[in-house]
Amino acid sequence: MDKIGLITDITDSEAAIDQGRKWLDTAGYEVDGRIRYRHGLSLAMMRFKDAQILAPSDLETLVLAEYIFLTQELHFCDPTDTQAYASLTRAIRSFDDAFLALQTVETPVAYRNAETTYPHHYKYRVKEMPKDAFHIACALHRTRIQNILRAPGINLAEKDLLIQRSANMTTAQTVYLTKQYAALNTVASAASQERTDTT
């Protein structure tokens, strides 16, 4: 899968969804609006599924797909819709932090140092791993999506896309957990080997 192509399609899908919504509310453009809206939803669904499949080998692309979609939503959001604008802005900022955590977990020694700064109380852990910025971003975004899904009157195709995006956040956390385990076990194994070598 071409990463640039996937990201381009995610960008195009949100643009099509937004244009379709506007045309649905514009006399004489309703049919074109429905076609454009459906095309955007279909393209987004296909690409979010592709990103989910790729996640075990390329977690960054899955997160980047969501990040780009959110950025496009913010771009098309009316700034006078202050609640939606604030919610999108918060989500984007939390993913900015998630990218930093993802970069750090790829370096076991750096991640071990970061890990020691998290309490071992269960509230600060996800399956014994630090509940860091990556987990927080995914969990908060999943909650945000669940809140949207509770609203009445959402098109069923759009609901399906929201459900897929929520599932992608669960997949992201699952893959990230394996990276956390790998990072911390690599450091522990290296320390154990070093102790063995010196005795």
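The values are calculated or read from the model by the stated rules, or taken from the named source; none is laboratory data. The structure displayed is predicted, hence computed values, not measured ones. Ideal geometry is used to build each Cβ from the backbone, glycine not excepted, and the neighbour counts take in all protein chains shown. In case anyone asks, the SASA skips ligands and DNA or RNA and just uses the protein heavy atoms, side chains included. Shrake-Rupley method; radii C 1.70, N 1.55, O 1.52, S 1.80 Å.
A few remarks follow.
- In degrees, nearest ten, helix 133-149 long axis to first principal axis of the chain (Cα): 30 degrees
- Listed by chain and number, the lysines whose alpha-carbon sits under 24 Å from that of residue 127, ignoring those within fewer than 8 places in the same chain, are 179.
- Stokes-Einstein diffusion of region 18-89 at 20 °C, 1.002 mPa s viscosity, Kirkwood radius from Cα pairs, rounded to a whole number: 156 µm²/s.
- Against the chain, whose longest principal axis comes from its Cα atoms, helix 59-76 is set at around 40 degrees.
- Å² of accessible area per residue within region 46-199, as computed with a 1.4 Å probe and no ligands counted: 56 Å²
- Note on the chain: GNM, Cα springs under 10 Å; of 29, 111, 85, the largest mean-square fluctuation is that of 29.
- Whole-Å distance, taken between Cα centres, linking region 81-134 and region 1-69: 26 Å
- Against the empirical 2.2 N^0.38 Å (N residues), region 1-153 has a Cα radius of gyration ratio of 1.21.
- Residue 90-residue 112 pseudo-label distance in nm [points 7 Å out on the Cα-to-Cβ vector]: 3.7 nm
- Relative contact order %, the chain, counting alpha carbon pairs below 8 Å whose residues are six or more apart: 21 percent
- Angle in degrees between helix 3-24 and the longest Cα principal axis of the chain, rounded to the nearest 10: 30 degrees
- By the rule of a C-alpha distance below 20 Å, with chain neighbours fewer than 8 residues away ignored, the aspartates and glutamates paired with residue 49 are 2, 9, 12, 14, 58, 60, 66, 73, 158, 160.
- Top positive-direction residue, dipole computed over the chain with Cβ charges, set 8, 26, 171: 171
- Residue-averaged [θ]222 nm for the chain, counting only DSSP H segments that reach four residues, each worth -39500 (n - 2.57): -27500 deg cm²/dmol
- Accessible-area composition of the chain, carbon plus sulfur, in percent [1.4 Å probe]: 56 percent
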